[in-house]
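> I'd like to ask you about the structure that follows.
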Amino acid sequence: MARDLRLAQTAWRDMGPRVRAGWLRAWRGWILDHTDELTDLLVAETGKVRPDALVETTASCEFISYYADHAEKFLAPERVGSSGLLSLPKRLSRTYRPYPLVGLIVPWNFPITLFLMDAAPALAAGCAVLAKSSEMTPLTCARVIEGWQEIGAPAVLQHVSGAGDAGQAVVEAVDFVQFTGSTATGRRVATRCAELLKPVSLELGGKDAAIVLEDADLDRAAHGLVWGGIFNSGQVCISVERVYAVDAVYDELVEKVAAALGALRQGAGARDDVGAMVTKEQVDTVERHVQEARQRGARVLVGGERGTKGNFFAPTLLVDVDHTMSCMTEETFGPTLPIMRVADEAEAITLANDSEYGLSATVWTRDLGRGRRVADQLEVGAVNINDVFSNLFAVGLPHSGWKSSGMGARLGGAQGLRKYCRVQAITEPRMPVTTKELTWYPYSARRTAIAGRVLRLAAGRGLRQRLGL
Ligand code: NDP
């Protein structure tokens with residue numbers, strides 16, 4: 001499969017960004033025409049509620065649109081100015097040459113979004129793509145890739161399913177690895193890529209903090225935290241995993257969050273807000289975090305129990321929590337909101353940074369300048385002020401995890417596409433050249449002396465240095 005993809009890639013590369021954009025747009029059309037089918041399939045294989053699934057099957061087309069529209073500009077060769085006298089006789093440029101085959105390893109929480117946000121720029125760049133979805137959720141991703149084949153697009157996109165060994169095989173077969181998943185598996189993938197000297201970009205786990213300050217709009221904060229923590233049953237890398245509320249507003253915030261959380265309907269029906277989780281193992285993790293918190297003195301104000309059937313866990317509000325508890329330090333990846341009382345902004349920042357993860361965070365305040373100042377002190381790749389998730393569909397912004405949350409970045413305008421390319425430096429003479437340059441062979445004392453003066457002229461700064469006075 002990898003060999004066939006490589007064979008097809010050269011023609012794909014050579015057809016140029018404008019023709020490739022045409023195929024990407026046709027694919028977007030196919031996806032939108034099949035939204036109902038894809039959404040039903042996604043609901044069936046993940047247990048998501050339909051509104052959560054719809055975000056995947058529709059909003060993710062944004063990644064296709066953006067890179068189809070911008071690829072030609074982002075891939076255009078760039079002229080580079082001379083850096084000094086030595087390079088002055090040359091015209092300098094850099095060009096972007098796609099990696100032949102990119103491997104995408106995708107987790108189970110967003111089988112389409114997390115595939116499309118990397119497949120779109122990689123294909124637009126001119127790469128072939130081999131995508132491996134999680135063994136838990138292979139169906140919808142495979143169907144979206146069938147769509148590529150159904151529109152008659154060049155054979156530069158293929159899907160493999162299977163467990164971790166299939167992921168390992170993808171790592172071996174491709175030229176660039178884009179991995180999204182847990183930090184533990186990401187480390188293994190990075191280790192193997194280091195052995196193979198293969199470029200890799202990692203989007204890993206998170207433990208995103210929310211900071212609620214005393215001047216926040218508490219109604220908006222409460223609703224935002226509930227959606228940001230519970231959307232997709234909390235199985236979002238950038239979901240709100242822990243909340244720090246300053247003392248002055250803590251009680252009022254908890255009351256509002258409890259009311260909003262308590263009103264959520266959970267189930268598999270058309271009118272439900274919160275669906276099931278994808279795997280039983282993840283429900284076990286959520287249950288363990290809640291139990292451990294209880295044992296250490298936390299109180300459960302809403303929810304706190306797993307469902308009697310299916311992979312359900314009730315939307316849960318935990319209070320009286322602290323950093324001795326796994327619910328505040330480990331990735332829960334489930335529908336829980338632990339809220340901790342803090343004295344002030346400074347303590348909130350210190351605790352938010354007290355994590356091995358650094359994916360993103362939210363800050364809730366009416367003073368946007370203050371929000372930016374807090375953002376500046378947070379050790380995370382993205383900060384949303386008075387909102388959750390909004391950086392994700394702002395394709396011009398990078399999505400990157402700091403610390404154990406990742407290595408490299410995805411999206412982010414031109415960079416999101418150029419990461420799938422090797423950069424080639426080109427120099428060409430600006431003017432007619434002689435048979436030999438002054439610094440070439442054969443050496444002689446006279447030529448060396450002249451070359452020395454020329455090199456000194458170039459290297460020095462100021463008359464004294466340049467002329468050796
Ligand atoms: P895993 O790390 O378990 O799996 C991720 C993918 O890697 C799956 O397709 C998996 O296959 C595959 N895989 C497993 N072992 C290997 C291996 N040795 N070599 C190569 N590939 C392998 O993560 P989850 O699927 O559990 O996903 C949840 C995690 O993803 C969470 O930590 C979450 O925070 C993170 N995530 C990060 C995002 C980000 O942008 N930073 C976005 C979304 C999620 P299989 O499942 O078949 O075993």
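The values are calculated or read from the model by the stated rules, or taken from the named source; none is laboratory data. Worth saying up front: this structure is predicted, and the values here are computed from it rather than measured. Quick reminder, even Gly has a Cβ in these numbers, built from the backbone with ideal geometry, and neighbours come from all protein chains shown. Protein only, heavy atoms only, side chains kept; ligands, DNA and RNA dropped before computing areas. Shrake-Rupley method; radii C 1.70, N 1.55, O 1.52, S 1.80 Å.
> For segment 292-307, give me the residue count where each residue is assigned to a helix (DSSP H, G or I) and either open to solvent by 40 Å² or more (accessible area, probe 1.4 Å) or outside the structural domain of GLY234 (by TED's automatic domain parsing) (or both). If you could, list the steps in order and put the result at the bottom.
Residues of segment 292-307 assigned to a helix (DSSP H, G or I): 292-295.
Still in the list and also either open to solvent by 40 Å² or more (accessible area, probe 1.4 Å) or outside the structural domain of GLY234 (by TED's automatic domain parsing) (or both): 292, 294-295.
Qualifying residue count for the region: 3.
> Same structure again: Since ARG366 meets every condition but one in (1) open to solvent by 40 Å² or more (accessible area, probe 1.4 Å); (2) assigned to a loop (DSSP other than H, G, I, E, B); (3) free of Cβ contacts under 8 Å to residues at least 40 places away in the same chain, which condition does it not meet?
Only one criterion in (1) open to solvent by 40 Å² or more (accessible area, probe 1.4 Å); (2) assigned to a loop (DSSP other than H, G, I, E, B); (3) free of Cβ contacts under 8 Å to residues at least 40 places away in the same chain is unmet by ARG366, namely (3).
> Here is a further query. Which residue pairs have Cβ atoms under 9 Å apart, sit 6 or more places apart or on different chains, and have a first residue in segment 326-345 that is free of Cβ contacts under 8 Å to residues at least 40 places away in the same chain and a second that is away from the ligand (no atom under 16 Å from the Cβ) and in a helix (DSSP H, G or I)?
Short answer, once both residue conditions are applied: SER326/GLU292; SER326/ALA293.
> Looking at (1) within 16 Å of the ligand (Cβ to nearest atom); (2) open to solvent by less than 60 Å² (accessible area, probe 1.4 Å), can you tell me which one GLU356 breaks?
(2)
> Now for a different question. Here are some conditions: (1) assigned to a helix (DSSP H, G or I); (2) open to solvent by 10 Å² or more (accessible area, probe 1.4 Å); (3) within 16 Å of the ligand (Cβ to nearest atom). HIS289 meets all but one. Which one does it not meet?
(2)
> Right, next: Are any of the residues in segment 81-99 without any contact (Cβ under 8 Å) to a residue 24 or more places away in the chain and in contact with a Leu (Cβ under 6 Å, 6 or more places away or on another chain)?
The answer is yes; a qualifying residue exists.
> Further question: What number of residues within segment 384-422 satisfy the criterion of being open to solvent by 50 Å² or more (accessible area, probe 1.4 Å) and assigned to a strand (DSSP E or B)?
Residues in segment 384-422 being open to solvent by 50 Å² or more (accessible area, probe 1.4 Å) and assigned to a strand (DSSP E or B): 6 in total.
> Kindly list the number of the only condition in (1) more than 30 Å from GLY275 (Cα to Cα); (2) of a type in the set (D, E, K, R); (3) near the ligand (Cβ under 10 Å from one of its atoms) that fails for GLU135.
GLU135 satisfies every listed condition except (1).
> Hey, does segment 47-63 have a residue that's acidic (Asp, Glu) and open to solvent by less than 60 Å² (accessible area, probe 1.4 Å)?
yes
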